[in-house]
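Everything on this sheet refers to the single structure shown next.
The values are calculated or read from the model by the stated rules, or taken from the named source; none is laboratory data. Keep in mind the model is a prediction, meaning the values are calculated, not measured. Neighbour counts run over all protein chains shown; Cβ positions are idealised from the backbone, glycine included. The accessibility values were calculated without ligands, DNA or RNA, using every heavy atom of the protein model including side chains. Shrake-Rupley method; radii C 1.70, N 1.55, O 1.52, S 1.80 Å.
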Amino acid sequence: MELEVATVASGWHDVLSVFSEGQPARVATRHGICFDIPGLTVWLRNPADLTPPRGYLYPELIKDYRDRIFGDQRESSLLYQRLRGWVAADGSPIDQFEQATEMLRQDEHSRSAVFSMWRPEEDLGGRFPVSPVGGALRIVGDDLVLFLTARSVDVWVGFVPELLTFAQLTSDAALSLGLRGSKVCYHSWSMHLYEVDYLTYLAGAR
């Protein structure tokens, strides 16, 4: 299933409406009962608009997530370490996102500007594996497009901070490459909404 949204602010509500209009699977997990849409792809047309959605209840999580990439939590952030400080076989750090951006600077048609955030030896079977598992950058027309794949995301809590952070990352990279615009193609293997939050959403939507 694919969904095209203008901004994160409007897109969050569009994604939530898919749960009420469609027939998501009801799944029992170790965290509780949730409604799950497997393989949902969200195309974000305007990543430069970082306005939070109206009604989103956790603005502090937006700041927290951004701080993991841009702020004072970078050194302790697993997400930052995987994306910006991947440890190579010889122990040296690799800034994967910078290398992917630089690859496009050298060859705008490159299809190898790829990064990974999944380490099987740590994440496979781990209790709290990373959510974004990897992605790629491509220049399509006048836009920089980030293709981001997430293992799992809670639409009510984590989707907004995650998408806003990577939207900012993409917009900044587009500017550094001298491109006119950017887009994000966000694909999640499990886009889910826990039952208690789903009921809260339905109550507010009436």
Report the normalised scattering of the chain as log10 I(q)/I(0) at q = 0.13, 0.14, 0.16, 0.18 Å⁻¹, calculated by the Debye formula with identical scatterers on the alpha carbons. -0.74, -0.85, -1.10, -1.36
Run the quick spin-label model on residue 89 and residue 51: label points 7 Å from Cα toward the beta carbon, then report their separation in nm to one decimal. 5.0 nm
Residue by residue through the stretch 140-153, which ³J(HN,Hα) values in whole Hz follow from phi under the Karplus form 6.51 cos²θ - 1.76 cosθ + 1.60 (θ = phi - 60°), with glycine and proline marked x? 10, x, 9, 10, 8, 10, 9, 9, 10, 10, 10, 5, 7, 8
I'd like the accessible area for residue 31: 1.4 Å probe, protein heavy atoms, all chains in place, Å² to the nearest 10. 110 Å²
Between residue 127 and residue 177, what length in nm is gained on full extension when 0.36 nm per residue of separation is reduced by their alpha carbon distance? 14.2 nm
With a Cα-only, solvent-free Debye model of the stretch 1-65, what are the log10 I(q)/I(0) values at q = 0.17, 0.23, 0.27 Å⁻¹? -0.75, -1.11, -1.17
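Using a 1.4 Å probe on the protein chains only, how many percent of the accessible area of the chain belongs to carbon and sulfur? All intermediate terms of the calculation are to be shown ahead of the outcome.
Numbers: 5500 of 10520 Å².
After summing per-atom areas, the C and S share lands at 52 percent.
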Heavy-atom accessible area per residue - the stretch 1-57, 1.4 Å, Å²: 53 Å²
Accessible surface of residue 189 in the full protein assembly, 1.4 angstrom probe, to the nearest 10 Å²? 130 Å²
May I ask you to evaluate 6.51 cos²θ - 1.76 cosθ + 1.60, the Karplus curve with θ = phi - 60°, for each residue of the stretch 90-97 and list the ³J(HN,Hα) values in order in whole Hz, giving x for glycine and proline? 8, x, 7, x, 10, 7, 4, 5
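How much accessible area per residue does the stretch 123-205 have, in Å², with a 1.4 Å probe?
Details: 3170 Å² over 83 residues.
Value for the stretch 123-205: 38 Å² per residue.
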Cα-based convex hull, the stretch 75-157, per residue volume (Å³, whole number): 130 Å³
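Using a 1.4 angstrom probe on the protein heavy atoms only, line up 149, 170 by accessible area, largest first.
The ranking, largest first, comes out as 149, 170.
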Taking only Cα atoms, what is the 0 to 90° angle, nearest 10, from helix 8-21's long axis to the longest principal axis of the chain? 40 degrees
Taking the C-alpha atoms of the stretch 1-116, how large are the radius of gyration and the largest Cα-Cα span, Dmax, in Å? 18.0, 51
0 to 90° range, to nearest 10: angle between helix 195-205 axis and the chain longest Cα axis: 80 degrees
